[in-house]
Amino acid sequence: MSFDLSEFLTEGLINSVNNGLIPSDLATVYAGNYLVKSLINQTQVTQVSDAITAYKAAQTSADQTSADQ
C-alpha cells in the first residue's frame with residue numbers, strides 16, 4: 001500500500017471546504033500553489049474547483065430555503 005500525496009492534498013482541500021474549515025477562496029489559492037509545485041495535476045485542480053462550485057451552490061440553496069421560511 002502506497003501513499004498518494006496528490007490524492008491526499010486534493011481530498012483534504014475538498015473536505016476542508018465542505019466542512020467549513022477553510023474559505024473556498026483560500027482552497028483555490030492552495031490548489032494553485034500545489035499545481036505550481038507539481039504536487040497535484042490540472043485534473044485535480046479541476047476536481048477542487050468543481051467541489052467548490054457545488055459547495056457554493058448548496059450554500060446558496062440553503063440560504064434561499066432559510067429566507068423562504
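In region 13-69, which residues are farther than 21 Å from Phe3 by Cα and among the hydroxyl-bearing types (Ser, Thr, Tyr)? Show your work before the answer.
As a first pass, look at region 13-69 and keep what is farther than 21 Å from Phe3 by Cα: 17-29, 32, 46, 49-69.
If the condition is that a residue be farther than 21 Å from Phe3 by Cα and among the hydroxyl-bearing types (Ser, Thr, Tyr), then Ser24, Thr28, Thr46, Ser49, Thr53, Tyr55, Thr60, Ser61, Thr65, Ser66 are the ones that fit.
May I ask you to verify whether Leu21 is touching a residue at least 24 places away in the same chain (Cβ under 8 Å) and of a type in the set (A, V, I, L, M, F, W, C)?
Working: touching a residue at least 24 places away in the same chain (Cβ under 8 Å): no; of a type in the set (A, V, I, L, M, F, W, C): yes.
Spelling it out, it is not the case that Leu21 is touching a residue at least 24 places away in the same chain (Cβ under 8 Å) and of a type in the set (A, V, I, L, M, F, W, C).
Going through Ser2, Ser6, Ser61 one at a time, which residue ends up being part of a loop (DSSP other than H, G, I, E, B), polar (S, T, N, Q) and free of Cβ contacts under 8 Å to residues at least 40 places away in the same chain?
Details: Ser6 fails: part of a loop (DSSP other than H, G, I, E, B); Ser61 fails: part of a loop (DSSP other than H, G, I, E, B).
After ruling out the rest, the residue left standing is Ser2.
Do we have any residue at all in region 23-36 that's surrounded by 15 or more Cβ atoms within 10 Å (Cβ to Cβ), at negative phi and of a type in the set (Asp, Glu)? I'd like the intermediate steps shown before the answer.
Filtering region 23-36 down to residues surrounded by 15 or more Cβ atoms within 10 Å (Cβ to Cβ) leaves 24, 27-28, 30-31, 34-35.
Filter again for at negative phi, leaving 24, 27-28, 30-31, 34-35.
Of the ones still in play, those that are also of a type in the set (Asp, Glu) are none.
Scanning region 23-36, I find no residue that is surrounded by 15 or more Cβ atoms within 10 Å (Cβ to Cβ), at negative phi and of a type in the set (Asp, Glu), so the answer is no.
Read-outs: derived from the displayed coordinates by stated rules, not from any lab. What you see is a predicted model; the values in this text were computed from it and never measured. Positions of Cβ are generated from backbone atoms using ideal geometry, with glycine treated the same way; all protein chains shown enter the neighbour counts.
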